[in-house]
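Trainee: Please read through the structure below; I'll follow up with questions.
The values are calculated or read from the model by the stated rules, or taken from the named source; none is laboratory data. What you see is a predicted model, and the numbers here were worked out from it, not measured in a lab. Heads up, the Cβs are rebuilt from the backbone with ideal geometry, glycines too, and the neighbour counts pull from every protein chain shown. These accessible areas exclude ligands, DNA and RNA; they are computed on the full protein's heavy atoms, side chains included. Shrake-Rupley method; radii C 1.70, N 1.55, O 1.52, S 1.80 Å.
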Amino acid sequence: MYRWFAYGLCVALLAVPGPFAFRTSTLPFVHRPSPTPQKYLPETMGGGVALLDYNLDGRLDIFLVNGGQMSAGPNRADLRRREPAYWNRLYRQEPNGAFTDVTAAAGLSSSPNFYGMGAATGDIDNDGDPDLYVTGYGGACLYRNRGNGTFELTTEAQAPGWSVSAALLDYDLDGHLDLFVARYLDWDLSRNILCGTPFNAYCRPDKFPGISNLLFHNDGHGHFRDVTADSGIGAAIGKGMGVAVNDYDQDGYPDIFVANDGMEQFLFHNERNGKFRECALEAGVALSDDARTYAGMGAAFADFDNDGRPDLAVTNLALEKYALYRNEGGHFAYVSLTSGLAALTARSSGWGVGLHDFDNNGWKDLFAAQSHVLDNVEKIQPGLRYREPPALYLNDGGRFRAANLPLAALAGRGAAFGDLDNDGTLDAVVAVLGGAPLVLRGQASQPGITLELNGKHANSDGAGAIVQAGGQTVYATTSGSYLSANDRRVHLAGSPAEVTITWPGGHRQVEKLPSTGLVRIMEKP
């Protein structure tokens, strides 16, 4: 039986100029992509991470998605997911900040035989505890939280093919979280090809056809119905990677952005009748400033300039510069250059990404997990790097500058964000391809406050609520980044005296706030 152990987070303090720093640590987990000479594409794409309080003890826990055993031989369909080395892992946070591996005790050691990619979290049955959806090549699965510290594997919302990022959202405002699943390519092991000369390399996505994303409707009785065709989501054929949710046109209904690899990006507008319309081109977020496609990977959908409207950030490959789109009232302007982000990211490759206020100055910063997709890129393009340190770009009134973080270079993939230690400062967990995850605990000199929303008429997570205080606007969601799920709680900087919450459905509620700490807010009639 797999040995249990606890691991503390006592590690180095990484100083940056100004009132912010990270404390760093890792966990005793090794992501296993199982690279082969055949350069199967899933080998370079994982893995994901989710932050959730699975046992409702008030402390965030960490779920990490593992890969599987890729093989070039006759048994290559056997990914060896039953073996402990290839399990996904759940780490419970203890009162002292240490983490204990509770994978087997929580019922998560039993995984279907697919190659793991990412995770999404949310309370799908409104019973007060978070459930877990895991994506991958060759399948996906939904774990229902039993409320006693264990999960039950269900047969709901199965996704054929290659699923990547996913998001839980209440798209029809019926009080139940629905499920959106991004899929990458119409690809399988039998159709793999080798690319590149004189060095073999992972192929570009244009060598394979795209595929539709999936949408599942939650009927409120424990079942999900595939509405991909009926909703219009299935009409758009893409190469989906990151997924982010927000209400970009402020009509009260959540919209969905999908970062596509090597083609135009997708923005699915919620038509408020159970249907979606893909409108990225007309909205101005399909292409770069010079009308080019790019390798969209991670996505963040949040208000970076404090004008009350959600903006979009998209990570991509080196030499493309990260994309930043400012929402100008239903239409977006490409502002990577004027915001300073283009110059900072021109030679970097980004995956998981978040727009969150790390230094608590009232402006959302941009964090990115980084690494090139090609493990031999230095041989192919000597000026580029395979491994890169994660990056934090601090937001000074709408312009970004690089924080001087002395972090090691690694193959960063998924990234999730939340307040691990409930100190009012945001933290990050970065999943590392073929390595141990990096845990970054933020240290800010200014105070912050964390709000836990509990819906009554809305879904129990309050997903889709808009929170406004002190000039800040935050959308309640676990979605965003790449392959990952964030803390469902809302983070605010400073010490605002009160907060205005617009719940899904339009009900507004004003609450007084303490100066700092964790505040639980229940939706009122």
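Trainee: Excluding ligands and nucleic acids, what accessible area in Å² is computed for residue 378 using a 1.4 Å probe, to the nearest 10?
Mentor: 80 Å²
Trainee: Something else now. Would you tally the net charge around residue 286, using a Cβ to Cβ cut-off of less than 11 Å, leaving residue 286 out, and scoring K and R as +1, D and E as -1?
Mentor: Here the charged neighbours net out to -2.
Trainee: Starting from 0.36 nm per residue, how many nanometres of slack lie between residue 290 and residue 251 once their C-alpha separation is accounted for?
Mentor: The span from residue 290 to residue 251 would gain 11.0 nm if fully extended.
Trainee: So, one more: Provide the per residue accessible area, probe 1.4 Å, for region 61-154, rounded to a whole number of square angstrom.
Mentor: Working: 2860 Å² over 94 residues.
It amounts to 30 Å² per residue over region 61-154.
Trainee: Computed over the Cα atoms of region 206-346, what is the convex hull's projected area averaged over all directions, in nm²?
Mentor: Details: hull surface 36.9 nm².
One quarter of the hull surface, i.e. the mean projection, equals 9.2 nm².
Trainee: With point charges of +1 on the Cβ of Lys and Arg and -1 on the Cβ of Asp and Glu, referenced to the Cα centre of the chain, which listed residue (69, 517, 236) lies farthest in the positive direction of the dipole?
Mentor: 69
Trainee: How large is the dipole of region 140-291 about the Cα centre if only Lys and Arg carry +1 and Asp and Glu carry -1, each at its Cβ, rounded to the nearest 20 debye?
Mentor: In debye, rounded to 20, region 140-291 gives about 700.
Trainee: What FRET efficiency, computed as 1/(1 + (r/R0)^6) with R0 = 35 Å and r the Cβ-Cβ distance, is obtained for residue 510 and residue 273, rounded to the nearest 0.05?
Mentor: On the way: r = 31 Å, r/R0 = 0.88.
After rounding, the FRET efficiency stands at 0.70.
Trainee: Name all residues of region 352-366 having a backbone nitrogen under 19 Å from the label point set 7 Å from the Cα of residue 306 along its Cα→Cβ direction, giving them as ranges.
Mentor: Residues 355-366 qualify, since their backbone N sits under 19 Å from the label point.
Trainee: Separation between the residue 195 and residue 85 pseudo-spin-labels, each 7 Å from Cα along Cα→Cβ, expressed in nm?
Mentor: 3.0 nm
Trainee: Dipole magnitude of the chain about its Cα centre, charges +1 at Lys/Arg Cβ and -1 at Asp/Glu Cβ only, in debye to the nearest 20?
Mentor: It comes to approximately 1660 debye.
Trainee: With charges set only on the Cβ (+1 for Lys and Arg, -1 for Asp and Glu), what does the dipole of region 82-145 come to about its Cα centre, in debye to the nearest 20?
Mentor: 280 debye
Trainee: Okay, moving on. Length gain on complete extension for the stretch residue 219 to residue 94, per 0.36 nm per residue less the alpha carbon to alpha carbon distance?
Mentor: 41.5 nm
Trainee: Considering Cα pairs under 8 angstrom that are at least six residues apart, work out the relative contact order of the chain and quote it in whole percent.
Mentor: Result for the chain is 15 percent.
Trainee: Please identify which residues in region 298-326 have an amide N closer than 11 Å to a label point set 7 Å out from the Cα of residue 333, following the Cα→Cβ vector.
Mentor: 326
Trainee: Let me ask something else about it. Rounded to the nearest 500, what is the 222 nm mean residue ellipticity of the chain from helices alone, with -39500 (n - 2.57) per DSSP H run of 4+ residues and division by all residues?
Mentor: Taken over the chain, the calculation gives -500 deg cm²/dmol.
Trainee: Give the residue from 196, 182, 218 lying farthest towards the positive end of the charge dipole for region 134-237; charges sit on Cβ (+1 for Lys and Arg, -1 for Asp and Glu) and the dipole is referred to the Cα centre.
Mentor: 196
Trainee: May I ask for the Rg/Rh ratio of region 373-453, computed from Cα atoms with Rh as the Kirkwood radius, given to two decimals?
Mentor: 1.05
Trainee: Which residue, chosen from 355, 119, 38, occupies the Cα position most advanced towards the positive end of the dipole of the chain, where the dipole is computed from +1 (Lys, Arg) and -1 (Asp, Glu) charges on Cβ about the Cα centre?
Mentor: Positive-most Cα among the choices belongs to 38.
Trainee: Under a plain spin-label model, where a point goes 7 Å from the Cα along Cα-to-Cβ, how far apart in nm are residue 497 and residue 230?
Mentor: 5.0 nm
Trainee: Another question, then. Using only the Cα atoms of region 103-144, what are the Rg and Dmax in Å?
Mentor: 10.9, 31
Trainee: Next question, about the same structure. Mind giving me the FRET efficiency for residue 104 and residue 57? R0 is 22 Å, r the Cβ-Cβ distance, nearest 0.05 is fine. Please report the intermediate quantities before stating the final value.
Mentor: Values: r = 19 Å, r/R0 = 0.86.
After rounding, the FRET efficiency stands at 0.70.
Trainee: Run a plain Debye calculation on region 463-525 (Cα atoms as equal point scatterers, no solvent) and give log10 I(q)/I(0) at q = 0.13, 0.18, 0.19 Å⁻¹, rounded to two decimals, same order as the q list.
Mentor: Summing over Cα pairs of region 463-525 leads to -0.36, -0.67, -0.74.
Trainee: A follow-up question, please. Taking the chain on its own, what percent of its Cα-Cα pair distances exceed 33 Å?
Mentor: Numbers: 43245 of 137550 pairs.
Across the chain, Cα pairs with separations above 33 Å total 31 percent.
Trainee: Then there's this: First obtain the Kirkwood hydrodynamic radius of region 317-407 from its Cα pairs, then insert it into the Stokes-Einstein equation at 4 °C and 1.567 mPa s, and state the resulting D in µm² per second as a whole number. Display every interim value, and only then the final one.
Mentor: Values: Rh = 13.9 Å.
Reported coefficient: 93 µm²/s.
Trainee: What part of the accessible area of the chain, given as a whole %, is carbon or sulfur when the probe is 1.4 angstrom?
Mentor: Of the solvent-accessible surface of the chain, carbon and sulfur hold 51 percent.
Trainee: Spin-label point model (7 Å from Cα, Cβ direction): what's the residue 401 to residue 518 distance in nm?
Mentor: About 3.4 nm, to one decimal.
Trainee: Let me ask you something else. Compute and list, largest first, the equivalent-ellipsoid semi-axes of region 30-94 from the alpha carbon gyration tensor, each √(5λ) rounded to a whole angstrom.
Mentor: Square roots of five times the eigenvalues give 30, 12, 7 Å.
Trainee: Any idea what Rg and Dmax come out to for region 163-216 if you just take the C-alpha atoms, in Å?
Mentor: 16.5, 56
Trainee: Set the bar at 21 Å for Cα to Cα. Now go through 207/321; 364/456; 207/275; 39/379 and name every pair that lies beyond it.
Mentor: Numbers: 207/321 23 Å; 364/456 29 Å; 207/275 31 Å; 39/379 16 Å.
Going by Cα-Cα distance, 207/321; 364/456; 207/275 fall outside the 21 Å limit.
Trainee: Something else now. Residues with beta-carbon under 12 Å from that of residue 264, excluding residue 264: net charge, scoring Lys, Arg +1 and Asp, Glu -1?
Mentor: Charge balance in the 12 Å sphere: -1.
Trainee: How much net charge surrounds residue 410 when only the other residues with a Cβ under 12 Å from the Cβ of residue 410 are counted, with Lys and Arg +1 and Asp and Glu -1? Walk me through the numbers before you get to the answer.
Mentor: Details: positive: 385, 387, 413; negative: 388.
Surrounding charge for residue 410 is +2.
Trainee: How big is the convex hull of the Cα atoms of region 190-251, per residue, in Å³? The partial results should precede the final answer.
Mentor: Values: hull volume 10.7 nm³, N = 62.
Hull volume normalised by residue count: 173 Å³.
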